[in-house]
Amino acid sequence: MSLLKIIAQGGWLMIPILLFSIAAVVLIVNKYIDLNRFKTKSNHIMYELKALIAGGKKDEAIKLCEGTKGAVPLVLKEGLQHSHLDKDGIESYMEAAGTEQVHLMEKNMSTLATIAGVAPLTGFLGTVTGMISAFMEIERLGGNVNANVLAGGIWEALMTTATGLAVGIIAYLFYNYFTARINHMAFAIESSSKELVDSILETRHAQQSIEL
């Protein structure tokens, strides 16, 4: 049997499961591309920023952030633009920018999680409907049945369950993978923000000491 015929044996519930699989592939590819866009080598940029801040080159530090891709530079740029404020003020602006970046990273993650949960359930529903079909056929024939009579219901039960589980497992694995990456980048934003605030305050304190 061809793959198309095998899938067709799963009955009408194979249609939503296949739609789930297509949606999962699209979401996974888009999310992978999106997260690469947010990724930053935070240690490298922080080393350069600290040197620029210590040298009083705020404008160059902002340009460095603007020229570096990723979520971390966007948040650090917000802190640099409000570096004239006190510690709480700087942290407030950076926290808002960081929250926005994390929110963007998490876009469509709930949809992927839904597919990971609903696809297997749809497959199990196919198991139930397949077994119902098989028993209805047994009843219709008054118990005079053979393997060929039951084959249709069993095919439907097995195909929907197997396909639903496959889609759900793959979606769940990628959901956990993306969640781990988002958590890692969120931590990088938080730690880099703290480093920047400390560097700004240290430089400000050193300048005030020189003036005195």
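Readers should treat all values here as calculations from the given coordinates under stated rules, not as data from a laboratory. Predicted, not measured: the structure shown is a model, and the values here were computed from it. Heads up, the Cβs are rebuilt from the backbone with ideal geometry, glycines too, and the neighbour counts pull from every protein chain shown.
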Q) Cα gyration tensor of the chain, axes a ≥ b ≥ c as square roots of the eigenvalues: rounded (a/c below 1.5), prolate (a/b > b/c) or oblate? A) prolate
Q.
Explain nothing, just the number: relative contact order of the chain, from Cα pairs under 8 Å at least 6 residues apart, as a whole percent.
A. 31
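Quote the charge dipole size of the chain about the Cα centre in Debye, to the nearest 20; the model charges only the Cβ of Lys and Arg (+1) and of Asp and Glu (-1).
640
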Q.
Checking understanding here: applying a Kyte-Doolittle mean of at least 0.0 and a length along the axis of at least 30 Å (C-alpha), which whole DSSP H helices in the chain pass?
A. 14-38, 109-140, 147-211
**Q.** Magnitude of the charge dipole, the stretch 1-95, Cβ model with Lys/Arg +1 and Asp/Glu -1, debye to 20
**A.** 500
Q: With an 8 Å cut-off on Cα pairs and a minimum separation of 6 or more residues, tell me the relative contact order of the stretch 1-127 in percent.
A: 30
Q) Tally Lys/Arg at +1 and Asp/Glu at -1 over every other residue whose Cβ is under 12 Å from the Cβ of LEU85; what's the total? A) -2
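Once you've got the Cα coordinates, tell me which of LYS63/LYS107; LYS39/LYS107; LYS41/LYS107; LYS58/LYS87; LYS50/LYS107; LYS31/LYS63 are over 20 Å apart.
Checking Cα-Cα distances, LYS63/LYS107; LYS41/LYS107; LYS50/LYS107; LYS31/LYS63 exceed 20 Å.
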